[in-house]
Amino acid sequence: MIYKILTKITSPDDLKKLSFEQLEVLATEIRDYIVNVVSKTGGHLASSLGAVEITLALYKVFNPPYDKIIWDVGHQAYCHKIVTGRMKKFKTLRQKNGISGFLKPTESKYDIFGAGHSSTSISAALGFAKARDLNKERYEVVAVIGDASLANGMALEAINHLGHDKTKMLIVVIDNEMSISPTVGALAEYFNRLMSGGFINKLRNTIQATLQKIPAIGYPTTKIIMSLEEGIKSIFSPGIIFDELGIRYFGPINGHNIKLLVETLKNIKNINGPKLLHIVTKKGKGYKPAEENPTMFHGISSFDPATGIPICKSMSPTYSKIFSDSLIKLAAKDKKIIAIVAAMIEGTNLSVFKEKFPDRFFDVGIAEEHAVTFAAGLAKAGFKPFVCIYSTFLQRGFDQIIHDVGIQKLPVVFVMDRAGLVGEDGATHHGVFDIAFMKMIPNMIVMAPSDANELQKMVSFAANYKKGPVSIRFPRGESYYYHSNLQIKLGKARIIKKGNSLTILNFGALLPKIIKTIEKIGDKNKIEIIDVRFLKPIDEKTIIKSIKKTKKVITIEEGVIHGGFGETILRIISENNLKNIKVKQLGIPDKFIEHGTVEECREEAGLTENNFLKHIKEFLKL
Ligand SMILES: Cc1ncc(C[n+]2csc(CCOP(=O)(O)OP(=O)(O)O)c2C)c(N)n1
């Protein structure tokens, strides 16, 4: 497609000059461009396609960056990136040093507030609105949030504050009835009713107009019907929840009609106080494969733009698949096993579990905090819940893990998928803090498998462990098979290879890389490799014995060094008064690692075979 208008857009101001017809052409060009780029780079396609018209309408009516338009999550903001001066650079989406897949204020002054995790926009927007009032400024503030993200506790807390505070700002809810899979929960059902409420309103107007035209019945009859309608309206009244909470509700309106969006935004822009505009969109709009399969196209790797068929690289099964297969096998025998996810059924690979055991599967929506305490209740009542949440999103449930699970020693299993560096999603999504936050919680068993076989055994160990909470972390992507016939015993490490001059202590899935590195050196008996497996309780005996022998230690983990596994080893060395020990901790240094491929991110963190080799050689003076 030739981009006649798109190539001329260098900032949102350029949109102000366009007619509605031109904006419609632009929307088509933007969609085509997004599909083409994402088909090569991968990314969050379907939500961004659905948000094209609302982006154009917002920038036609408001004046960013003076007006603060704050996007929730940021996965739907590709059109925003393109029309805010990043059209050419958009081709580098999610690549190292390229455009971020989420919102990043260091990337553009138009990315008003950083995001990647959901449901932060209303709180942040209220912060901006309050600051404006305190500073006696006049800018407008808009939070743009999806229907699934609106149901999250944080968004609801912000609404609670906003309705009470009465500050002037606008919330635009993009309702496509989808999270990654269809939105779940009572609020989603309420939105459905609002949509039919809109329908009722139209019907009501049509009935009224028609009846007015018939002289025989005329006005009095209309009144009776209207009062009946009022009865219906009190049940179905659009927006009643928001209105009752002090936030004026407008909508629902068609989120793909630019003219209607612009006119509505203009009409409500100057109304004081908190407002909510409910727009209805189609996820994947304008690209047939994404419209037909919005879940698959929510976040997708490269695909053929002509057909929508993913360009698959053949891979061994992912760790997520190994985990879900293991859990399904265990759940078939143990009726107490329950799986809980927070809006990530596909990502955690648990759709088969859901099909097989619908009564024992719960998708609680984007509600990680609730997922943890809900599991705590189930565990207290005798069930064995597995809370399956990406490492990065479980950060939200930190207090609940301590307060509701840890202190009560409840047998909840935390399965942290995507633990470690995740690559293209970048700093907001790397799962690098869980080792640190799990290990500090009393009563928590902290495990990390180093291969697929070990993961299966750990899942089975966790299912049978009754004395308290357990956490298991595993990385994104392809699994490896290294071990065979192994047994998992609480708190027991495994010596992978014996040696006398250097101890390498591994925690997690980087073991195959370590072994490959050692193979390159051709070492026979210098290096001892220990796969620690349990960070809590840790096998101090085996570790101390090895350290006493070699006096040199390298610790390796794909998590933050500060507070991580390596620091536990320093504690062991110090508490046991081991003298003259040289230690190198390899892990994520004290900075946020940006996006890139997983290998590029590992390079930045120093978690590559080359860097392992460098430190091994230094220690062994090779
Ligand atoms: C705290 C948190 N949990 C989970 C996710 C993963 N996630 C990203 S987008 C998304 C769905 C968002 O749905 P919605 O808000 O309706 O927006 P849509 O994609 O439909 O436009 C989810 C679950 C996240 N980003 N943050």
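The values are calculated or read from the model by the stated rules, or taken from the named source; none is laboratory data. The structure displayed is predicted, hence computed values, not measured ones. As a convention, Cβ positions derive from the backbone with ideal geometry for all residues, glycine included, and neighbour counts pool all protein chains shown. Ligands, DNA and RNA are excluded from the accessible area calculation, which covers all protein heavy atoms including side chains. Shrake-Rupley method; radii C 1.70, N 1.55, O 1.52, S 1.80 Å.
The table below gives the values:
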quantity: Qualifying lysines (Cα of each under 21 Å from Cα of LYS333; at least 8 residues distant if same chain); calculated: LYS321, LYS354, LYS356, LYS380, LYS384, LYS457, LYS466, LYS467
quantity: Cα-centre dipole for the chain with unit charges at Cβ (Lys and Arg positive, Asp and Glu negative), debye to 20; calculated: 1740 debye
quantity: Of all accessible heavy-atom area on the range 3-139, the percent that carbon and sulfur account for (1.4 Å); calculated: 54 percent
quantity: Qualifying aspartates and glutamates (Cα of each under 15 Å from Cα of LYS259; at least 8 residues distant if same chain); calculated: GLU21, GLU24, GLU53
quantity: Amide H partners (placed H, <5 Å) of SER471, local residues excluded; calculated: PHE414, ILE445, VAL446, MET447
quantity: Charge sum, other residues only, whose C-beta stays under 11 Å from VAL372's C-beta, Lys/Arg counted +1 and Asp/Glu -1; calculated: -3
quantity: Percentage, to the nearest whole number, of Cα pairs in the range 83-196 over 17 Å apart; calculated: 63 percent
quantity: Net length gained if the chain between GLU355 and SER484 were fully extended (0.36 nm per residue, minus Cα distance); calculated: 43.4 nm
quantity: Per principal axis, descending, Cα span of the chain in whole Å; calculated: 101, 56, 52
quantity: Amide H partners (placed H, <5 Å) of ILE171, local residues excluded; calculated: ALA143, LYS275, LEU276, LEU277
quantity: Apportionment of accessible area to carbon and sulfur, the range 346-388, percent (1.4 Å); calculated: 57 percent
quantity: Taking the range 475-592 and dividing mean pair separation by its residue count, relative contact order in percent (alpha carbons under 8 Å, at least six apart); calculated: 28 percent
quantity: Sites matching chymotrypsin sites (Phe, Trp or Tyr not before Pro) across the range 307-366 that sit in DSSP coil, with at most 12 neighbouring C-beta atoms within 10 Å; calculated: none
quantity: Solution diffusion estimate, µm²/s, Stokes-Einstein, the range 1-102, Kirkwood Rh from C-alpha pairs, 20 °C, viscosity 1.002 mPa s; calculated: 158 µm²/s
quantity: GluC sites (Glu not before Pro) within the range 120-183: DSSP coil, no more than 11 neighbouring Cβ in 10 Å; calculated: GLU137
quantity: Average projection area in nm² (convex hull over Cα atoms of the range 494-620, one quarter of hull surface); calculated: 7.3 nm²
quantity: Partner lysines for LYS266 [C-alpha distance under 19 Å; skip if fewer than 8 residues away on the same chain]; calculated: LYS16, LYS17, LYS60, LYS68, LYS168, LYS275
quantity: Long-range HN-HN contacts of LYS584 with modeled amide H, under 5 Å; calculated: VAL553, ILE554, THR555
quantity: At most 15 other Cβ within 10 Å, DSSP loop - chymotrypsin sites (Phe, Trp or Tyr not before Pro), the range 33-73; calculated: TYR66
quantity: Karplus 3J(HN,Hα) series, Hz, for the range 525-530 with 6.51 cos²θ - 1.76 cosθ + 1.60 (x for Gly, Pro); calculated: 9, 8, 9, 9, 10, 10
quantity: Alpha-carbon centroids, the range 238-286 and the range 359-415: separation in whole Å; calculated: 35 Å
quantity: Accessible area of the range 4-123 divided out per residue, in Å², using a probe of 1.4 angstrom; calculated: 32 Å²
quantity: ³J(HN,Hα), Karplus 6.51/-1.76/1.60, whole Hz, each residue of the range 35-43, x for Gly, Pro; calculated: 4, 4, 5, 5, 5, 9, 8, x, x
quantity: Accessible area per residue, Å², the range 302-377 with all protein chains present, probe 1.4 Å; calculated: 46 Å²
